[in-house]
Amino acid sequence: MLTRRILPCLDIDGGRVVKGVRFQDLRDCGNPADRAAEYQESGADEIVFLDVSATIEAREASLETVSRVRRRLSIPLTVGGGVREAGDAERLLAAGADKVSVNSAAVARPELVSEIAERFGRQCAVVAIDARRNGPGWDVLVKGGREATGLEAGDWAAEAENRGAGEILLTSWDRDGTGAGYDLELIRVVAGRVRVPVIASGGARTASHMAEAIQAGADAVLAASVFHERNATVWEVKRELASHGIEVRL
């Protein structure tokens, strides 16, 4: 049985952890390095760091903030935000990232995924897909959820894998920050189109939501509010997942 991963997410804006609903109305949730250390201590398998304003402001993620977080961690760190070329990825890796997440720039120029995978290894290339329900399917969104692309989420996930993505970070725009649970149908569709791990994101409030996402096909679950608001610790989530028969690192 595969071991499933629990990934607390740090959305970063102005050097602080923030959280909103559907990428809007951001509220301050603390210091990134302190939060990362807290989550590692409570059993996180990895940390995901996403600079949510980097693309909009046409800059790369804050290397200083990445370095501060890295100094507090011994677990893997994925960093995304503002990556437009392989050189941006290289600087994030030098600052302490283990994996680099690409979103808007990869949609605009899919060759970027291949460039990162070929230069740094497929395991380093994470393609983030923000998806919004559109009738029977899901539109891929870019620029922090501000623009629809006309791409269908399953099609883009499959292309991203073919171009070298080692993981898909799949976020439901509709569920983000709502606490209504993950979009299970979206997870099933995308997981059914790729062989690489799918990280489910958007909507978690409880460990039961995470169990449902894993049962729908997610290899890992990402969550923010449930941990930022201290509704549960990672250890508590893992114990409940284990009670559902899901293999986790305890």
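The values are calculated or read from the model by the stated rules, or taken from the named source; none is laboratory data. Source: prediction; values computed, not measured. Glycine gets a Cβ as well: all are built from the backbone with ideal geometry, and neighbour counts include every protein chain shown.
In segment 56-73, the residues that are on the phi > 0 side of the Ramachandran plot form no Cβ pair under 7 Å with any partner that is part of a helix (DSSP H, G or I) and modelled with pLDDT of 95 or more, whether six or more places apart or across chains. Considering every residue within segment 49-63, establish whether at least one is at pLDDT 90 or above, over 16 Å from residue 99 (Cβ atoms) and within 18 Å of the chain's Cα centre (by Cα). No: zero hits. For beta carbons closer than 8 Å, sequence separation of 6+ or different chains, a first residue in segment 104-116 that is outside any helix (DSSP H, G or I) and a second that is surrounded by 23 or more Cβ atoms within 10 Å (Cβ to Cβ) and aliphatic (A, V, I, L, M), the qualifying pairs are 110/160. Evaluated against (1) of a type in the set (Gly, Ala, Ser); (2) touching a Leu at 6+ places or on another chain (Cβ under 8 Å); (3) in a helix (DSSP H, G or I); (4) surrounded by 21 or more Cβ atoms within 10 Å (Cβ to Cβ), residue 101 falls short on exactly one condition, (3).
If only one of 187, 199 is within 19 Å of the chain's Cα centre (by Cα) and either surrounded by fewer than 20 Cβ atoms within 10 Å (Cβ to Cβ) or farther than 16 Å from residue 9 by Cβ (or both), which one is it? Write out each step before concluding.
On the way: 199 fails: either surrounded by fewer than 20 Cβ atoms within 10 Å (Cβ to Cβ) or farther than 16 Å from residue 9 by Cβ (or both).
From the options 187, 199, the qualifying one is 187.
Pick out, from segment 181-250, the helices (runs of 4 or more DSSP H) lying fully within it that include 3 or more residues that are among the small types (Gly, Ala, Ser). Working first, answer last.
Details: elements: 184-191, 207-215, 225-228, 234-243.
Filter on segment 181-250 gives 207-215.
Just to be sure, is residue 132 charged (D, E, K, R), surrounded by fewer than 24 Cβ atoms within 10 Å (Cβ to Cβ) and without any contact (Cβ under 8 Å) to a residue 40 or more places away in the chain? Judged against the criteria, residue 132 is not a match. Test residue 161 against the stated conditions and say whether it is within 22 Å of residue 220 (Cα to Cα) and at pLDDT 95 or above. It is true that residue 161 is within 22 Å of residue 220 (Cα to Cα) and at pLDDT 95 or above.
Looking only at segment 126-164, which residues are of a type in the set (D, E, K, R) and on the phi > 0 side of the Ramachandran plot?
From segment 126-164, those of a type in the set (D, E, K, R) are 130, 132-133, 139, 143, 146-147, 152, 155, 159, 161, 163; that's our starting set.
Of everything in segment 126-164, just one residue is of a type in the set (D, E, K, R) and on the phi > 0 side of the Ramachandran plot, namely 143.
Selection of segment 150-166 for residues being in a loop (DSSP other than H, G, I, E, B) and among the aliphatic types (A, V, I, L, M) yields only 165.
Inspect all residues belonging to segment 23-45 and state whether any of them is on the phi > 0 side of the Ramachandran plot, assigned to a strand (DSSP E or B) and either among the charged types (D, E, K, R) or modelled with pLDDT under 95 (or both). Break it down into steps so the answer makes sense when it comes.
Initial filter on segment 23-45 (on the phi > 0 side of the Ramachandran plot): 23, 25, 30, 43.
The next check asks that each one be assigned to a strand (DSSP E or B); those that pass are 25, 30.
Imposing the further condition that a residue be either among the charged types (D, E, K, R) or modelled with pLDDT under 95 (or both) reduces the set to 25, 30.
Looking through segment 23-45, at least one residue is on the phi > 0 side of the Ramachandran plot, assigned to a strand (DSSP E or B) and either among the charged types (D, E, K, R) or modelled with pLDDT under 95 (or both).
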